[in-house]
Amino acid sequence: MNTKDYISLEDEFGARNYKPLDVVLNRGKGIWVWDVEGNKYLDFLSAYSAVNQGHCHPEIMRAMTEQAKKLTLTSRAFRNDQLGLLYKELCELTHSHKVLPMNSGAEAVETVIKAVRKWGYKIKRVPENKAEIIVCENNFHGRTIAIIGFSTDEQYKHGFGPFAPGFKVVPFGDAEALKKAITPNTVGFMAEPIQGEAGVIIPPQGYLREVRTLCEKQNIIMILDEIQTGLGRTGRLLAEEHEGIEADVTLIGKALSGGFYPISAVLSNTDILGVFMPGDHGSTFGGNPLACAVARAALSVLTKENMIENAAEMGAYFLSRLNDIQSPHIKEIRGKGLMIGVELVPEAGGARRFCEELMKKGLLCKETHENVIRFAPPLIITKQDIDWAVERIEPVLKK
Ligand SMILES: *Cc1c(COP(=O)(O)O)cnc(C)c1O
């Protein structure tokens, strides 16, 4: 079978909820992936930052196969020997007190919505069914019904209503707007420290610190969705560190398994997660020993192999190289660590065609929101690899 055969299989039998680049991959190692024709590509998406540690990291692989031979799933009806160890390691690493493990990022978001609402009723004493959570314009928190209900992207929600009430939207990066939107029934504020899917939108410096103060004053839970920005992507373990703050609740997912297995987690540093009583919430696969063993190894290599420092260093280098490119198509280049977006002017005809050109040169990138090319390679990328990439990016951007 060749590329065309695999694509026609997908097209014939699969739902068309994605529009992937027409490259069929069957192997990955480090920052590289190979297609079924044997062509090699530098992966500049890292599965939306789930593969921060690089493809098929040998140590995570070993943890996964060793654990798979022993025990994979018990459900939370029983305990397993990996869960408590993951909790402890996660709490030590992120300065949290409590962990609730789930599978996908969207489930972690759903979990925090439940927890914060219950906290609002039980602790803050908001009248029953009146709790409000404030979110930001252009947010991306996942694809479930509750979550798309507060999306401001028409395509994400059109045709899928009715939606859950209890959410308010304010502009991202505007602490004053948040202040005005707060009512006595506000229980939480949720945002991404840097908006990923919206096109790598970095808020003004000091914004998160102002939000932190505001939430504290008004007794509102500050929730940071670090599912994409977390675990080293921006050159810090968590993006909140850039502003020297700690959210009340932090959501992580994606790179928590280094791309091997779906696992996400809600981390809290107050007793927000303490409002859950047995039976309030759960997941058959959440916290299973295979996921926990994989996550423990994924976290371990992230710190042990200095991937976070490398992301900071290589990100700054890559950004400076990109800034040197003179092209009429470029409107703005934004980034922190290895989370970088190149926004093109509207006349450039969309980012998609640039991504297709880059693919022909051996670079896999994905456009986000029409006009932005996102560059987010695995955090293990070296200076030579970046030089190799820039040599190919420059002519494509100039064309
Ligand atoms: C990817 C992502 C999610 C959703 O994660 P899934 O595992 O795809 O459900 C939520 N929030 C942010 C910021 C993300 O980037």
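Quick check on packing: order 342-350, 231-239 by the mean number of other C-beta atoms within 10 Å, highest mean leading.
Numbers: 342-350: 16.2, 231-239: 25.4.
Order by mean packing, descending: 231-239, 342-350.
Can you give the FRET efficiency for T284 and E241, using 1/(1 + (r/R0)^6), R0 = 30 Å, r = Cβ-Cβ distance, to the nearest 0.05? Don't skip to the answer; put the middle values down first.
Details: r = 34 Å, r/R0 = 1.13.
Working from the Cβ atoms, E equals 0.35.
Which whole-number percentage describes the relative contact order of the chain, with Cα contacts under 8 Å and a sequence gap of 6 or more? Mind showing how you got there, number by number?
Details: 783 pairs, mean separation 91.7, N = 399.
Result for the chain is 23 percent.
Only sites in a loop by DSSP and with at most 12 other Cβ atoms within 10 Å count here; which chymotrypsin sites (Phe, Trp or Tyr not before Pro) in the stretch 34-113 make the cut? If you can, show how the numbers build up before the last one.
Values: sites: W34, Y41, F44, Y48, F78, Y87; in loops: F44, F78.
Passing both the DSSP loop test and the Cβ count: F78.
Taking θ = phi - 60°, what integer Hz values does the Karplus form 6.51 cos²θ - 1.76 cosθ + 1.60 yield along the stretch 252-261, in sequence order, with x for Gly and Pro?
For the stretch 252-261, the Karplus-derived couplings read 10, x, 5, 5, 4, 10, x, x, 8, 6 Hz, x marking Gly and Pro.
Work out from phi, with θ = phi - 60° and the Karplus expression 6.51 cos²θ - 1.76 cosθ + 1.60, the ³J(HN,Hα) of each residue of the stretch 237-250, listed in order in whole Hz, and give x for Gly and Pro.
4, 10, 5, 4, 4, 4, 10, x, 10, 10, 5, 6, 10, 10
What is the set of long-range amide H partners of K366 at a cut-off below 5 Å, with H atoms built 1.01 Å from backbone N?
R374
Under the rule of at least 5 residues apart or a separate chain, name every residue whose amide H is placed under 5 Å from the amide H of T152.
The answer is N138, N139.
Scattering from the C-alpha atoms of the stretch 113-259 alone, worked out with Debye: what is log10 I(q)/I(0) at q = 0.21 1/Å?
Debye output, listed in q order: -1.43.
At 1.4 Å probe size, put C56, C136 in order of accessible surface, largest to smallest. Write down the numbers at each step before the final one.
Working: C56 65, C136 0 Å².
Solvent-accessible surface, decreasing: C56, C136.
Rg and Dmax of the stretch 1-124, using alpha carbons, in Å: what are they?
My reading of the Cα-based Rg and Dmax gives 19.9, 60 Å.
Under a 10 Å cutoff between Cα atoms, tell me which one of L21, L358, L90 has the largest fluctuation in the Gaussian network model of the chain.
L21
What number comes out for the charge environment of K304, summing +1 per Lys or Arg and -1 per Asp or Glu over other residues with Cβ under 13 Å away? The partial results should precede the final answer.
Working: positive: R296; negative: E59, E89, E305, E309.
Value of the local net charge: -3.
Give the whole-number value, in cubic angstrom per residue, of the convex hull volume spanned by the C-alpha atoms of the stretch 226-284. Mind showing how you got there, number by number?
On the way: hull volume 4.4 nm³, N = 59.
That works out to 75 Å³ per residue.
Mind listing the phi-derived Karplus ³J(HN,Hα) values for the stretch 332-339, rounded to whole Hz, using 6.51, -1.76 and 1.60 with θ = phi - 60°, and x for any glycine or proline?
Those phi angles translate into 7, 10, 10, x, 9, x, 9, 10 Hz.
Enumerate the whole-percent occupancy of each 10 Å bin, from 0 to the last occupied one, for all C-alpha pair distances of the stretch 306-355.
25, 46, 24, 5, 0
Which log10 I(q)/I(0) values does the stretch 1-63 give at q = 0.17, 0.18, 0.20 Å⁻¹ under the Debye formula, counting every alpha carbon as one identical point scatterer?
Treating every Cα as an identical point scatterer, log10 I(q)/I(0) equals -0.70, -0.77, -0.89.
Over the residues of the stretch 179-255, compute the C-alpha Rg and express it relative to 2.2 N^0.38 Å. Don't jump to the answer; show the numbers that get you there.
Working: Rg = 12.3 Å, N = 77, 2.2 N^0.38 = 11.5 Å.
Here the Cα radius of gyration is 1.08 times the empirical estimate.
Quick check: with the 1.4 Å probe, what order do I7, I386 take by accessible area, largest first?
Working: I7 40, I386 0 Å².
So, going from the largest accessible area down, we get I7, I386.
Once both labels are modelled 7 Å past Cα along the beta-carbon direction, what's the Y6-N219 spacing in nm?
Going from the Y6 label point to the N219 one covers 5.6 nm.
What are the radius of gyration and Dmax of the stretch 58-304, computed over its Cα atoms and given in Å?
For the stretch 58-304, the Cα-based Rg and Dmax read 17.7, 55 Å.
Pick from A265, A181, A376: which is most flexible by mean-square fluctuation in a GNM of the chain where alpha carbon atoms under 10 Å apart are linked?
Judging by the Gaussian network model, the answer is A181.
Of all GluC sites (Glu not before Pro) in the stretch 99-167, which ones are in loop regions per DSSP and have a Cβ with at most 12 other Cβ atoms within 10 Å? Before the final figure, lay out each step's value.
On the way: sites: E107, E110, E128, E132, E137, E154; in loops: E128, E137.
Those satisfying the criteria are E128.
The values are calculated or read from the model by the stated rules, or taken from the named source; none is laboratory data. On a predicted model such as this, the values are computed, not experimentally measured, just so you know. Counting neighbours? That spans all protein chains shown, and the Cβs are built from the backbone with ideal geometry, glycine included. Side chains are part of the model used for accessible areas, which takes the heavy atoms of the whole protein and leaves out ligands, DNA and RNA. Shrake-Rupley method; radii C 1.70, N 1.55, O 1.52, S 1.80 Å.
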